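Chemist: Supplied in structure tokens, the structure appears directly below.
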Amino acid sequence: MTFRPSRVVMALAAALALSGCQSKPPIQKLPDISFADKRPISLDVGQLEIVPEYVSPARKPNIEHLMPVSPENATVRWAQDRLKPMGRSGYARVVIKDARVVEVPLRTDKSFTGMFKEEQAERYDGTLDVAIQILDERHMQIGDVVARATRTKTVPEGVSLNERDRVMYEITESLIRDIDGQMDGLIKTYLARWVQ
């Protein structure tokens, strides 16, 4: 006697085979956040130091560690692109004092009518505090400026991973571009004696 699989078993096997063939949505390639197109600020110091003081807890509600480009990484890239040590002694120290992004759940309508609404489900609050300190050859601070930027964005219910990543990327980009704009003026005003 030969075994003949039933139609139900064959249909189930076909469904499983098809579900295994479904592909995940492609992961989007987001552009680098770079300042290479801007003229560097030449400083009369011997070295550039970057000090990340902020330590992410790496758990919710903080999400900076999950972002495609974290505010900290964007700040490191900014400092490397924009600040050029051209002197013989002393230091320019970039201190990343705060680089947090926090996810805040928003209240949504859970009633029957809420099923027919697209509501904002989460809010992301980003903060970036960056200081530039000028130090002499003995590491004594002789000048400094501080810039601070904040951004808030919300995402709707059912947002895709790619859409969420795009929002997180935009938060980082807007934070560091704000810092760049502030620092451009602050350095030329308050650290002018070290600008070449």
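The values are calculated or read from the model by the stated rules, or taken from the named source; none is laboratory data. Owing to the predicted nature of the structure, the values given are computational and were not obtained by experimental measurement. Cβ atoms come from the backbone with ideal geometry, glycine included; neighbour counts cover every protein chain shown.
Chemist: Name every residue in the stretch 147-164 that is at pLDDT 95 or above, surrounded by 16 or more Cβ atoms within 10 Å (Cβ to Cβ) and either in a helix (DSSP H, G or I) or not aliphatic (A, V, I, L, M) (or both), in order of residue number.
Modeler: R151, K153
Chemist: Just checking, how many residues over the stretch 82-94 are closer than 15 Å to V130 by Cα and not small (G, A, S)?
Modeler: Qualifying residue count for the region: 4.
Chemist: Something else about it: Could you say which residue among A74, A92 is modelled with pLDDT of 65 or more, assigned to a strand (DSSP E or B) and surrounded by 15 or more Cβ atoms within 10 Å (Cβ to Cβ)?
Modeler: That would be A92, the only listed residue that is modelled with pLDDT of 65 or more, assigned to a strand (DSSP E or B) and surrounded by 15 or more Cβ atoms within 10 Å (Cβ to Cβ).
Chemist: Something else: Under 8 Å between Cβ atoms, at least 6 apart or on separate chains: pull out the pairs that start in the stretch 49-61 with a residue that is farther than 29 Å from I134 by Cα and end on any residue that is among the charged types (D, E, K, R).
Modeler: Sorted first by the residue in the stretch 49-61, then by its partner, the pairs are K60/E103; P61/E103.
Chemist: Could I ask something else about it? Report whether or not V195 is surrounded by 15 or more Cβ atoms within 10 Å (Cβ to Cβ) and not hydroxyl-bearing (S, T, Y).
Modeler: no
Chemist: Follow-up question, since we're still on this one. So, in the stretch 95-109, how many residues would count as being charged (D, E, K, R) and outside any strand (DSSP E or B)?
Modeler: Number of matching residues: 2.
Chemist: Name the residue, out of S42, S6, that is at pLDDT 95 or above and small (G, A, S).
Modeler: S42
Chemist: Please determine, by comparing only the residues of the stretch 20-39 that are over 24 Å from I179 (Cα atoms) and among the charged types (D, E, K, R), which one is modelled with the lowest pLDDT.
Modeler: By that ranking, first place goes to K24.
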